[in-house]
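The values are calculated or read from the model by the stated rules, or taken from the named source; none is laboratory data. The structure displayed is predicted, hence computed values, not measured ones. A quick note on method: Cβ atoms are made from the backbone with ideal geometry, for glycine too, and the neighbour counts reach across all protein chains shown.
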Amino acid sequence: MLRVVYSIKWVVTSPSAGMREVRWRWEQLAVALAALIPWLGWSNCFRGKTVNSADDVLTTQKLLVLSDIHYPAGRSREAFSIIRKERPDIVVLLGDVVEAPKDALVKYYREFLDNYPFQLESTALILGDNDFAASQVFRDFVGSLDTLTANHDFFKCGNLFMTHGNIEGRGRFSPLLETMGSRFAKKLQSAMPSLLSRAVRVRYSVACDDYLFLGHIHYLGKVSSTNSVFCGTFSTEKIVYPAELSLGYVTAELARSRVVDLDSIVLHHLKPAL
């Protein structure tokens, strides 16, 4: 906590040295502030539950990561054919799987799973901000599913750490923090993936040499400076980034549960709809 306060003080009081340095200091300030978010927005989360890990499950296998599917909207139904085409050994559903009113979320989740062409026992299911906004009935429903994830907040596999990326949390201040974050993202589009990945590492204490897989901001791309991958979306609604920078998914070949480098992680951009 003292380190966060010191970081904020240093950024604010340091003299300006040109726009490049000013922007870098704004990034430092954003990361420092993000470290405070867990105390504001995470009053209702899964702390203290079992750590998710597939270290004893995977040897040399193919990983498929699908984020922000938002079924049944947009191009979400293409996710089923992608799973059949890619023939993965493990699928990670990285949050915001379904888009529906709170009282209909379980209904649409069941519909999605009825069409899901893969075994749940080999699926890591992460909850996103849209998912968690639902009722306790929905959270109980997800908790009853036989998946690889114990707490549905993150998935750890070798040197991979995967979570949705909604650092604004799931508490009383979360809606306000998400609104502020959305406005901030639109102002700093190019810097947002780097800022968010750094903030998530602070939030979860993720090791610097672990590879971070994130969703949430509907961006498909890699951030080499933070060893991070953003896993795209199937939603056609523009939030921050245009379709050519957002639509798609990610695959990775794992050697004994580990990713060798960023080059072994493949981004798959969806072709424009006809």
**Request:** Please find, within the range 146-169, the residue that is surrounded by the most Cβ atoms within 10 Å (Cβ to Cβ) out of those that are under 18 Å from residue 202 (Cβ atoms) and out of contact with any strand residue (DSSP E or B) (no Cβ under 6 Å at 6 or more places or on another chain).
**Result:** 166
**Asked** Out of the range 133-148, which residues are in a loop (DSSP other than H, G, I, E, B) and modelled with pLDDT under 90?
**Response** 133, 134, 135
**Asked** Restricting attention to the range 109-145, and to residues there that are surrounded by fewer than 20 Cβ atoms within 10 Å (Cβ to Cβ), among the hydroxyl-bearing types (Ser, Thr, Tyr) and in contact with a helix residue (DSSP H, G or I) (Cβ under 9 Å, 6 or more places away or on another chain), which single residue is nearest to residue 214 (Cα to Cα)?
**Response** 116
**Request:** Can you work out which of the residues in the range 240-258 that are among the polar types (S, T, N, Q) and farther than 14 Å from residue 273 by Cβ is nearest to the chain's Cα centre (by Cα)?
**Result:** 251
**Request:** Specify which of the listed residues (51, 106) is surrounded by fewer than 20 Cβ atoms within 10 Å (Cβ to Cβ), outside any loop (DSSP other than H, G, I, E, B) and either over 19 Å from the mean Cα position of the chain (by Cα) or modelled with pLDDT under 95 (or both).
**Result:** 106
**Request:** From (1) on the phi > 0 side of the Ramachandran plot; (2) assigned to a strand (DSSP E or B), pick out the condition that doesn't hold for residue 152.
**Result:** (2)
**Prompt:** When you go through (1) modelled with pLDDT of 95 or more; (2) buried (at least 20 other Cβ atoms within 10 Å of the Cβ) one by one for residue 267, which number turns out not to apply?
**Reply:** (2)
**Request:** Determine if the range 167-190 includes at least one residue that is part of a loop (DSSP other than H, G, I, E, B), modelled with pLDDT of 85 or more and in contact with an Asp or Glu (Cβ under 9 Å, 6 or more places away or on another chain).
**Result:** no
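Does residue 237 satisfy the condition of being surrounded by fewer than 18 Cβ atoms within 10 Å (Cβ to Cβ), more than 22 Å from residue 85 (Cβ to Cβ) and either at pLDDT below 95 or within 15 Å of the chain's Cα centre (by Cα) (or both)? Spell out the reasoning first.
On the way: surrounded by fewer than 18 Cβ atoms within 10 Å (Cβ to Cβ): yes; more than 22 Å from residue 85 (Cβ to Cβ): yes; either at pLDDT below 95 or within 15 Å of the chain's Cα centre (by Cα) (or both): yes.
The answer is yes for residue 237.
What number of residues within the range 63-92 are outside any helix (DSSP H, G or I), small (Gly, Ala, Ser) and over 18 Å from residue 126 (Cα atoms)?
Filtering the range 63-92 for residues outside any helix (DSSP H, G or I) gives 63-77, 87-92.
If we keep only those that are small (Gly, Ala, Ser) too, we end up with 67, 73-74, 76.
Going one step further and asking which of them are over 18 Å from residue 126 (Cα atoms), we end up with 73-74.
Counting residues in the range 63-92 that are outside any helix (DSSP H, G or I), small (Gly, Ala, Ser) and over 18 Å from residue 126 (Cα atoms) gives 2.
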**Prompt:** Can you pull out the residues in the range 242-259 that are surrounded by fewer than 22 Cβ atoms within 10 Å (Cβ to Cβ) and either out of contact with any Gly (no Cβ under 6 Å at 6 or more places or on another chain) or polar (S, T, N, Q) (or both)?
**Reply:** 242, 243, 244, 245, 251, 253, 255, 256, 257
**Request:** Within the range 84-96, identify whether any single residue is more than 22 Å from residue 262 (Cβ to Cβ), buried (at least 20 other Cβ atoms within 10 Å of the Cβ) and modelled with pLDDT under 95, and answer yes or no.
**Result:** yes
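Mind checking which residues of the range 221-252 are β-branched (Val, Ile, Thr) and assigned to a strand (DSSP E or B)? Steps first, answer last, please.
From the range 221-252, those β-branched (Val, Ile, Thr) are 223, 226, 229, 233, 236, 239-240, 250-251; that's our starting set.
Result: 223, 229, 233, 250, 251.
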